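First up is the structure itself, then whatever we jot down about it.
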Amino acid sequence: MKLFRSKQANSLTELVKACQKQDHQAQVQLYERYKGRLMGICLRYARTEAEAEDIFQEGILKIFDRIGDLKKPESVDSWVKTVMIRYAIDYYNQVTKGQKQLISTDYIETEWESDDYQNLFSKLHTEVLLETINELPEGYRMVINLYFVDGYSHAEIAQLLGISEGTSRSQLLRGRNLLIKKLDLKGVKQHEKF
Amino acid sequence: MKNSNHELNKALRKFLQHSLGNHAVAPKPAVDAAILKALQQKQLDQERSKQRRKRIGTAGLALLLVLFILPLTWTVMQRSTPFLNQENTITRKVIERSPVRPEAMPNSSRSLSEQNVSSSSNDNTLTASRSARHAKRSVAQTLEKLPEIVTAKVSAKPYSIAVPAGKSGQNERSAPERFASSHNQPQKIRVINNRSTYQTATLVTNKQSTPPVAPPVVINQGSSLPVAYVSSAEETLVGTTDSLLSDPVEELTLLNPIVLPTLTHLQIASTFRTIQPLSRPYQAKSRRQRTVIEETNGLHWLLNVVPLTTRQRVILLPNSEARVQDVRFSSQLNQSAGYKLTVGAEKKGFQVMLSYTQLQMRSTYAYSTDRYVVEENKNQYSIKRLGTPATTALSIQLAGVVVRKQLVINNPVLGRLFANVGLEYARSLESAPQQFLFASASVGKLIELAQGTTLCIGPYVDYSFNKLQPVEQLQIRPYQAGLSFSIRLKQPTH
C-alpha cells in the first residue's frame, strides 16, 4: 500500500528515533507529517466529525505513547496507520457497538451490469463518497472500511471487531449493496448537478 | 453479462482505495493546538516524574547508606566496648601487681619518673635542658652515695657519659626504642676516666621480655650526660650503691628501675569509654515492648456519630454525542457535608451496628461545544473549548449494617488508642434503591469518661466500592472522611 510511503527513509528513521527519545520538536514534526492522513482515517471510521476529532486526538496521543515499542522505524508509516485504525475500532467497540444496529431494509440481492458501477464510480467525488460511507450503519461501515479501503482480510476483521468471519462476510455483502445503492442515488444526483 | 461478487468487490476495493486510501483532511487548528499542548504537557510531566524519581533515588540511596552505616557502627562499637573494658581491667591489674610503685620509689627517682610521665602524657617534646638537669641531679645523688674508695677513685676525675654516635635529637628517638626492648638483663655502660680505664655501670629496666643485644653505652669523662637516655619515660636510672660496693671493678649502678608505661593505654581506654553509652535503643525497645494490645471482654453498647465531608472521584465516560469538560466540585460545606449514625454492640473486639448515612454531593461540569475561544497571554495563545454548563446535585440517604473489628492498644506514652477496620453494606432509601459496599477505617484515642463509659474519638474514612451514575457521561465514586465520636458503654455484670 502506498498510503504512507516515506520520501526520506533515513530522515524518517532519525525522526522516529528522536520521537522515541521524547524529543518534542520531533513529535511536532511527526505529527505534522501524518495528521492529515490520520484525520482522514478517523473521518472514515467515525460517525460524526466531532467523534472523528475525539478519536484523532486520543489516537495521536496513543501513537506517541507507544512509539517506543516500534522496533523498525522505517515501517512507521504502516504502524501509525494501524495504531489509529485499531484505536478507532476500540472506540467503536467501547462506545458505539452497544447501540442497536440499524437493520437495513435495503438488503436485496442486486445484480449489476458490467458498466453500471464503472459509470457510477466515475461520477463520484471523494467527499460525497466519504459522506455516503458515514451514512452506513455502524457494522457495515466498519467492515467496508476495513475490507475495501484498508485491505484487511475477513479473518483479521473478525478478530478486530470480535465477530465471526461469516458475520464479516455477510455484513460486507449487505454493506456493499447498500453503499452502491446509496452511491447510485448520489451519483445520479451529482451527475444531474453537473 | 453478469458480474460475480468477487469482481464487484475487486472493482469496489480498487476504487475506494484510490479515492479514500490517500484521503487527507487537515484537522482544525483547535485540534492541532490541543494535541500539541497535550504533547508538551506530557513531556513536562515526564520530566517532572524523572526529576522526582531522581530525587527519590538519591534520598533512597542516602537512606540506604545511613541504614547500612548505622548498624555497622553499632556492631563495631558493641564489639569494641567489651574489648576496651577488658583491656582496661587488665591494665589496672598490671598496675596493681607492679612491684615498683611511685610511693615506694626514692624521692629523687620518683620526681624524675613523675616528671617523665607528666612530660610524656602532656607533650612528647621534652626539653633537653630539663632532662639534662634531672640527669645531672641523679648522677650527683648517686655519686654522693658511692663508698669512699670508689668516690676517691672516681671523683678525682670528672665523669661524663659519651654518646656512641649521632646527634642528641636522634638519640632522643632511638634510645627509648632500644631501652624499651631491653629488660631485666643489665645493660653495660662503660665509664671512661682520663687513664683510659673502662668502668662499667649497670642500667636496670623492668621489662620482662628477652632483650636483643644492645651496644654498650660509653660514659666518657669530660662529656655531658646525653639527654635521651635519661629523659625516656620508660626507664629511670637509680643508683644502687650495694652493687657498686660488691663489685670490685668499680661498676656503677646509676639509676632505679623504670615505671610501667601504662599511661598511654589508660588514656585510650578513658577516651573510648566516653563513647560507651549505647543503652538508648535498648531502653526504647523495652519501652516499645511495654505497649500492650488489650483484650476487651464482656458486652459493650456503642453509639457513634460521624460528621462527614464528601469527596468524589468522577469518571468521564466516552460518548459520541456529547463530551464533558471542566468538571468541578463544590467546596461549600453545606453542599458536601453529611453525617453517619451507628448504633450497635461490641463483644471481644467485634462490632455489629446498624447505620444511617446522609450524603450530599454536588459537581459542576460542561458539555463541550464546537466553539472555541482564543486567549492571548503575553504573546502566548491558548485555545479554550466552550461548553454548556451543567450541575449534578445528589442527596443520598443510606441505611445499612456495619461490621467492624476494633483493636485497643495500651501505650505507656500515648495512652489507650484504638484502631477500627470494617465493612458496611447499605441501601439507598429511594424508590429505586441502590446498593453500596463501603470499607471504613478509623483510629483514635480512648478517653475514660466514667466507670465503664469510654469516649472513642478519632479520624474516620469511608471508601465506596460502588459508583453512582447521575448522568450518562459521568460516574461518581463517593468517599467520605470525618471525625468519629463514639460512646462505649459496658454492660454491667451481675
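Descriptive notes on the structure:
- The helices (runs of 4 or more DSSP H) falling completely within segment A:24-95 that include 2 or more residues that are of a type in the set (V, I, T) and within 28 Å of B:L44 (Cα to Cα) map to A:49-66, A:76-91.
- Sole residue being assigned to a helix (DSSP H, G or I), under 48 Å from the mean Cα position of the chain (by Cα) and at the interface with another protein chain (Cβ under 7 Å from one of its Cβ atoms), chosen from B:A34, B:A11, B:A38: B:A38
- Residues of segment B:405-429 satisfying the condition of being open to solvent by 60 Å² or more (accessible area, probe 1.4 Å) and aliphatic (A, V, I, L, M): B:L407, B:V413, B:L414, B:V421, B:L423, B:L429
- Within segment A:16-42, the set of residues being more than 7 Å from chain B (Cβ to nearest Cβ), open to solvent by 10 Å² or more (accessible area, probe 1.4 Å) and within 15 Å of A:S78 (Cα to Cα) comprises just one member, A:R33.
- Segment A:59-80: number of residues that are more than 16 Å from A:M142 (Cβ to Cβ), more than 9 Å from every other protein chain (Cβ to nearest Cβ) and either hydroxyl-bearing (S, T, Y) or out of contact with any Ser or Thr (no Cβ under 8 Å at 6 or more places or on another chain) (or both): 13
- Number of residues in segment B:359-404 that are under 30 Å from B:P433 (Cα atoms) and open to solvent by less than 30 Å² (accessible area, probe 1.4 Å): the value is 12.
- Unmet requirement for A:D23, which otherwise passes all of (1) under 18 Å from B:I35 (Cα atoms); (2) modelled with pLDDT of 90 or more: (2)
- Residues that are open to solvent by less than 50 Å² (accessible area, probe 1.4 Å) and more than 14 Å from B:F418 (Cα to Cα) within segment B:467-494 comprise B:L468, B:P470, B:V471, B:Q473, B:L474, B:Q475, B:I476, B:R477, B:P478, B:Q480, B:A481, B:G482, listed in sequence order.
- Taken as a whole, the structure leaves B:K28 outside the set of residues that are at pLDDT below 80, within 10 Å of another protein chain (Cβ to nearest Cβ) and open to solvent by 50 Å² or more (accessible area, probe 1.4 Å).
- Filtered residues of segment A:160-169 (kept if within 18 Å of A:Y87 (Cβ to Cβ) and surrounded by fewer than 14 Cβ atoms within 10 Å (Cβ to Cβ)): A:G162
- The lone exception for A:N145 - which of (1) free of Cβ contacts under 8 Å to residues at least 24 places away in the same chain; (2) open to solvent by less than 30 Å² (accessible area, probe 1.4 Å) it fails: (1)
- From A:V76, A:V83, A:V28, residue being among the hydrophobic types (A, V, I, L, M, F, W, C), free of Cβ contacts under 8 Å to residues at least 12 places away in the same chain and within 21 Å of B:V25 (Cβ to Cβ): A:V28
- Per this entry, B:P478 is counted among residues that are modelled with pLDDT under 85 and assigned to a strand (DSSP E or B).
The values are calculated or read from the model by the stated rules, or taken from the named source; none is laboratory data. Just so it is clear, the model here is predicted, and its values are computed rather than measured. Using ideal geometry, Cβ is built from the backbone for each residue, glycine included, and neighbour counts are taken over all protein chains shown. Surface accessibility is based on the protein's heavy atoms, side chains included, excluding ligands, DNA and RNA. Shrake-Rupley method; radii C 1.70, N 1.55, O 1.52, S 1.80 Å.
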